[in-house]
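Following: one structure in structure tokens, then a few remarks.
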Amino acid sequence: MPLAIGLLAFLSLGPAEDPSQPLSLPVPPVPAAPAVPVTVGFDAAVKAAGELPRLRSLLVSRRGELVVEKYYNGARADRPLNVKSVSKTVLSALVGIAIERGLIEGIHAPVAPFFPTVLGEGADPRKREITIEDLLTMRSGLQSTSSRNYGAWVHSSNWVRHVLTRPVDSPPGVQMTYSTGNTHLLSAILTKVSKSSTWEFAQAELAKPLDTTLARWPQDPQGIYFGGNDMVMTPRQMLAFGELYLNRGRANGRQIVPESWVDASLVPRTQSRRSHRLYGYGWWIRDLAGVRTYYAWGYGGQFIFVVPEAELVVVTNSSDSPGEGRHDHRDTIYDLVEDLIIEPVALAEGIRRQPENVD
């Protein structure tokens, strides 16, 4: 009972039976001490990582503090590595920035006006329905340029035209078909709207605010930076990008990626027919150790895991030419991150499993 209320109650009752005794008032409760962060060790993860011949790096940050930074098999902290399809997640961030800047009308904007030569009035009307969101979620409906079709695509004389002239396999916006060509179209759009290049736009709007510099990566025959593959980043740059999403687009005291874009990107929008994994705007989504986890995923074992509830970011790099056994290596990374990094934190913090829903 607060002091003032207790005093009023006393006065309303009249004099005490024994006025010689001191007035007894309730003692205010002592505020609870602030919670002490739970210390969780990752020695087992470091040891297990060291036994993987394809692994190149393992970085872990918790509550913004870098607690693990290990390099293996000749890798170095300052050496940029090919992050493969992690590039798609970076492209998604750039699209969100471009929309916030007013350079792109929005996620529902059709892509046809950006490619009038190929998608003009005489084009397949289904292709003219493809939107920015369809490209972000791999639901353009166009035949894939990945897997068995990848070689023919990257050896073509015009990558953008090659993508846009593929057959329509399904109506736009319906079915997810993994295709790097989708993200390359986004790079072409960014090149048009920014009146620069995707690399220059990324440098100005993403790298510079993060106090870093992105190395150049390959371009197509028309000079458009590869949208969706072969970006090169250091492991610490990957970690900074993961931290950016953990902090809802903020870093170094400023909003770099719009907060609303970060939130929208991490909503499940579709599901892979092959892996059955959920997918947002460039981010894969699944539960690991019962905790909702978002991750950028590149061929061979390039990962950025973001686990908001556990305040964790985990980065791994692996050989970008893994050859046979790459699937086993990838699955081993999943197990290592789940069992030896996320699980100990989840147990310590009492974090519960989240339901998996597709919006």
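What to note about this one:
- Residue in the stretch 120-143 that is out of contact with any Phe, Trp or Tyr (no Cβ under 9 Å at 6 or more places or on another chain), buried (at least 21 other Cβ atoms within 10 Å of the Cβ) and assigned to a strand (DSSP E or B) present: yes
- Some residue of the stretch 99-107 being under 20 Å from Ile224 (Cα atoms), assigned to a helix (DSSP H, G or I) and charged (D, E, K, R): no
- Among the candidates Gly325, Gly253, Gly280, Gly301, residue that is crowded, with 20+ Cβ neighbours inside 10 Å and at positive phi: Gly301
- When Leu214, Leu142, Leu135, Leu206 are checked against the criterion of being touching a Lys or Arg at 6+ places or on another chain (Cβ under 8 Å) and either of a type in the set (S, T, N, Q) or not assigned by TED's automatic domain parsing to the domain that holds Val257 (or both), a single residue qualifies: Leu142.
- Any hit, the stretch 273-292, residues being under 25 Å from Asp331 (Cβ atoms), assigned by TED's automatic domain parsing to the domain that holds Tyr334 and of a type in the set (Asp, Glu): yes
- Qualifying positions in the stretch 184-193 - touching a Leu at 6+ places or on another chain (Cβ under 7 Å) and surrounded by fewer than 20 Cβ atoms within 10 Å (Cβ to Cβ): Val193
- Test: Val160 is within 25 Å of Trp217 (Cα to Cα) and of a type outside the set (D, E, K, R): yes
- Of the residues making up the stretch 163-178, just one is of a type in the set (A, V, I, L, M, F, W, C), surrounded by fewer than 17 Cβ atoms within 10 Å (Cβ to Cβ) and out of contact with any Asp or Glu (no Cβ under 8 Å at 6 or more places or on another chain), namely Val174.
- Just so you know, in the stretch 194-212 the residues that are part of a helix (DSSP H, G or I) and of a type in the set (Gly, Ala, Ser) include one that is surrounded by the fewest Cβ atoms within 10 Å (Cβ to Cβ), and it is Ala204.
- Cβ pairs under 7 Å, 6+ apart, first in the stretch 249-262 and under 13 Å from Pro209 (Cβ atoms), second charged (D, E, K, R) and assigned to a loop (DSSP other than H, G, I, E, B): Asn252/Asp211
- Qualifying residue in the stretch 160-179 (condition: of a type in the set (A, V, I, L, M), in contact with a Phe, Trp or Tyr (Cβ under 9 Å, 6 or more places away or on another chain), in a helix (DSSP H, G or I) and closer than 17 Å to Ala98 by Cβ): no
- Considering residues of the stretch 218-233 that are outside any loop (DSSP other than H, G, I, E, B) and touching a Pro at 6+ places or on another chain (Cβ under 7 Å) only, the residue nearest to Glu311 (Cα to Cα): Met233
- Residue check, Ala215 within 20 Å of Arg76 (Cβ to Cβ), at pLDDT 95 or above, of a type in the set (Gly, Ala, Ser) and not in a loop (DSSP other than H, G, I, E, B): no
- Which listed residue is under 17 Å from the mean Cα position of the chain (by Cα) and assigned by TED's automatic domain parsing to the domain that holds Met238, from Thr332, Thr316: Thr316
- Some residue of the stretch 12-24 being in a helix (DSSP H, G or I), at pLDDT below 95 and of a type outside the set (Lys, Arg): yes
The values are calculated or read from the model by the stated rules, or taken from the named source; none is laboratory data. What you are looking at is a predicted structure, and each value in this text was computed from that prediction instead of being measured. Positions of Cβ are generated from backbone atoms using ideal geometry, with glycine treated the same way; all protein chains shown enter the neighbour counts.
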